[in-house]
1. I'm told Val144 meets every condition in (1) in contact (Cβ under 8 Å) with a residue 60 or more places away in the chain; (2) under 17 Å from Met49 (Cα atoms); (3) not charged (D, E, K, R) except one. Can you identify the failing condition by its number?
2. Kindly evaluate Arg82 against the criterion of being of a type in the set (D, E, K, R), modelled with pLDDT of 95 or more and either crowded, with 19+ Cβ neighbours inside 10 Å or over 28 Å from Asp207 (Cα atoms) (or both).
3. If we scan the stretch 231-248, do we find a residue that is basic (Lys, Arg), farther than 20 Å from Val70 by Cα and assigned to a strand (DSSP E or B)?
4. Inside the stretch 34-153, counting only helices (runs of 4 or more DSSP H) that do not spill past its ends, which hold 3 or more residues that are within 18 Å of the chain's Cα centre (by Cα) and within 21 Å of Asp14 (Cβ to Cβ)?
Amino acid sequence: MIADLFDAFFFDLDGVVYVGKRTTPGAAETITALRERGKAVRFLTNNPMDRARIARRLSSYGVDADVGEVITAGWAAAHYLRERGTKRAWVLGEIGLHDEITQAGILEVEGEGCEAVVVGWDDAVTLGVVRYAALAIKKGADFVATNVDSTYPTLEGDMAGVGAVVAALATGSGREPVVVGKPFPPMFQAAIDSVGVPRSRIVMIGDTPESDILGAHRAGIASLLMGDVAAPPEADPGHPNGRVQTLRDLLTPGGAARVFLHPKG
């Protein structure tokens, strides 16, 4: 079975562990069974919600989850800054991102005294804020983005996402950001560091080739695409190492035959 091939399992959330307010078929039982087999579990998401809320949400769905097992783009940004020794950051984002930055021991400041400008979801960003944040970046502050999603779906249609603010700052500063969320390596590297097993024994299960699968391969780990999503051509770095219909397939006898053991990338 696939579960025998790996020691650590990274899961996307929306579309893999749950859809809306319901878990996907067999998700809770499968994750419990993996834990019983001594497997490490991590949940990777670009969702800006703080990790404690995500862990509580998972628990309410019957999926046991510790805060330390949840890897968000906000936490990855804080981890990245802490690893760089950043002491002061200008944070453009919602409360969850602010909390992650301050809990990492980084002082929040605005203006030229910052060592980094960190950009996440923030409805309150104005053109004036963009001007001065771009100026800080131009003068040497690190430019860090949680993600560069250009839009996100709503009932009213696709609306501008974090990527719109990131693009404005890039235009104003003449610099491109370090992006920590999927499909870029920092979030995956933080998760890899946290499990302490070889990359060859880690697999990412996701439902988005251009985010989950591409990101896994950029980080040098294997991937499984879940559901009926069309996969890119085999030569594409977003092509998965294998497929599962539901998370139950991780425990199906014989399922390992569908997985190539060597990550793409």
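1. Here Val144 meets the rest and fails (2).
2. Numbers: of a type in the set (D, E, K, R): yes; modelled with pLDDT of 95 or more: no; either crowded, with 19+ Cβ neighbours inside 10 Å or over 28 Å from Asp207 (Cα atoms) (or both): yes.
Against the criterion (of a type in the set (D, E, K, R), modelled with pLDDT of 95 or more and either crowded, with 19+ Cβ neighbours inside 10 Å or over 28 Å from Asp207 (Cα atoms) (or both)), Arg82 does not qualify.
3. Yes, because at least one residue in the stretch 231-248 is basic (Lys, Arg), farther than 20 Å from Val70 by Cα and assigned to a strand (DSSP E or B).
4. 51-60, 73-84, 95-103
Yes/no per residue for (1) β-branched (Val, Ile, Thr); (2) buried (at least 23 other Cβ atoms within 10 Å of the Cβ); (3) in contact with a His (Cβ under 9 Å, 6 or more places away or on another chain); (4) touching a residue at least 40 places away in the same chain (Cβ under 8 Å):
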residue: Phe6; (1), (2), (3), (4): no, yes, no, yes
residue: Thr24; (1), (2), (3), (4): yes, no, no, yes
residue: Thr32; (1), (2), (3), (4): yes, no, no, no
residue: Arg35; (1), (2), (3), (4): no, no, no, no
residue: Arg42; (1), (2), (3), (4): no, no, no, yes
residue: Ala52; (1), (2), (3), (4): no, no, no, no
residue: Asp66; (1), (2), (3), (4): no, no, no, no
residue: Ala78; (1), (2), (3), (4): no, yes, no, no
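The values are calculated or read from the model by the stated rules, or taken from the named source; none is laboratory data. Computed from a predicted model, the values in this text were never measured in an experiment. For neighbour counting, all protein chains shown are included, and Cβ atoms are generated from backbone atoms with ideal geometry for every residue, glycine included.
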